[in-house]
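Worksheet: the structure to be examined is printed underneath.
The values are calculated or read from the model by the stated rules, or taken from the named source; none is laboratory data. These figures come from a predicted structure and were not determined experimentally. Backbone-built Cβ (ideal geometry, glycine too); neighbour counts: all protein chains shown.
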Amino acid sequence: MNDIIEEKEVNVLKNASMSYPTWNVIKKLLDNDKFNDPEKSFGDKPIEKGNDPIYSKIKGDIIKEYQVSTPCGIDIPVLLKPTPNTSSDNPLILILGESALRNKEELAGIEKANANVILGTPYAIHLKECPPKCGVYRKVFDAILKKGYSIYITDIIKIWWEEKKGNLLVPNDKDIEVFRNELDILRNEINKNIIIVAWGKKAQNGLEEVRKSQEVVPPSLSLPHPGQRNWDAWKLRIFEKAVYDEGITYAKKRYPEKKSATNEEIVANEVVEEIISFVEQHKK
């Protein structure tokens, strides 16, 4: 079942511009004859396209370099701007997620298409219908855009396949190399002032590897992943903040009733508050 989110709830996101500034890095992972232009497939605005699978092929040498098992998934990183001509006076907020997770149904369709990879965007941000459990991400992005910040969304693990789980779900040297190249393009062509927000331990650990291999890495904020399976961690985070920093009224604002359930709105509001607070502290 899709999350029920009215367009008015993410109106800024819906009207944002969407582009692919690091496409030249990502396309090296693919067979270019099969997929050349992400804008034609995913569009130039988020939450606009229908849920039609997009397939391609990973090159043989890339399969060897990554030790990839196919079929698999790759998400094309996107840059969201509140308006196409948004000023770069504000920092660019880089959301670093984990990987391009795919479900069994999506993977099963790849072989029929004579392909070995199903393509998408992080958090399926191009799809008009909100995929299950993606509502929290859309609310986070909408709120950040509303405050005038542009957002670049990517994953630390560039290629995901079914066996890539448990101890294997870690970024390798190629993942780190690609992300370093993404950072270079963003700093040189988009905005020299970048703030990284790492969602979850996999992204945080990958970012630490980037720090070892690159002299200058932008300021970064590590947060629990806002996905639904981590909502208990966010609830604990809210109450810890209330007890030790903000006072109990802070928790009551998030949870007005004693038995209030943690939902996407509560988590999204907390995520945005943490991000914006960190960004404001690190503005140049």
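In the stretch 38-52, what residues are under 19 Å from the mean Cα position of the chain (by Cα), surrounded by fewer than 22 Cβ atoms within 10 Å (Cβ to Cβ), at negative phi and part of a loop (DSSP other than H, G, I, E, B)?
ASP44, LYS45, GLU48, ASN51
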Inset, instruction - Might you let me know whether the stretch 248-269 holds any residue that is over 30 Å from VAL25 (Cβ atoms), charged (D, E, K, R) and in contact (Cβ under 8 Å) with a residue 40 or more places away in the chain? - result: yes
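In this structure, is ASN85 without any contact (Cβ under 8 Å) to a residue 40 or more places away in the chain, under 30 Å from GLN281 (Cα atoms), assigned to a loop (DSSP other than H, G, I, E, B) and not β-branched (Val, Ile, Thr)? So that I can check it myself, show each step before the final result.
Values: without any contact (Cβ under 8 Å) to a residue 40 or more places away in the chain: yes; under 30 Å from GLN281 (Cα atoms): yes; assigned to a loop (DSSP other than H, G, I, E, B): yes; not β-branched (Val, Ile, Thr): yes.
The answer is yes for ASN85.
Considering only residues that are touching a residue at least 40 places away in the same chain (Cβ under 8 Å) and of a type outside the set (D, E, K, R), which ones fall in the stretch 52-61?
As a first pass, look at the stretch 52-61 and keep what is touching a residue at least 40 places away in the same chain (Cβ under 8 Å): 53-58.
PRO53, ILE54, TYR55, SER56, ILE58, listed by residue number.
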Inset, instruction - Identify the residue in the stretch 208-254 that is in contact with a helix residue (DSSP H, G or I) (Cβ under 7 Å, 6 or more places away or on another chain) and in a loop (DSSP other than H, G, I, E, B) and, among all such residues, is surrounded by the fewest Cβ atoms within 10 Å (Cβ to Cβ). - result: GLN214
Legend entry - Verdict on GLU129 being free of Cβ contacts under 8 Å to residues at least 60 places away in the same chain and either β-branched (Val, Ile, Thr) or surrounded by fewer than 20 Cβ atoms within 10 Å (Cβ to Cβ) (or both): no
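Residues to consider are LYS104, LYS112, LYS133; find the one that is modelled with pLDDT under 95, out of contact with any helix residue (DSSP H, G or I) (no Cβ under 9 Å at 6 or more places or on another chain) and under 27 Å from VAL267 (Cβ atoms). Let's see the steps before the verdict.
Working: LYS112 fails: under 27 Å from VAL267 (Cβ atoms); LYS133 fails: out of contact with any helix residue (DSSP H, G or I) (no Cβ under 9 Å at 6 or more places or on another chain).
Result of the check over LYS104, LYS112, LYS133: LYS104.
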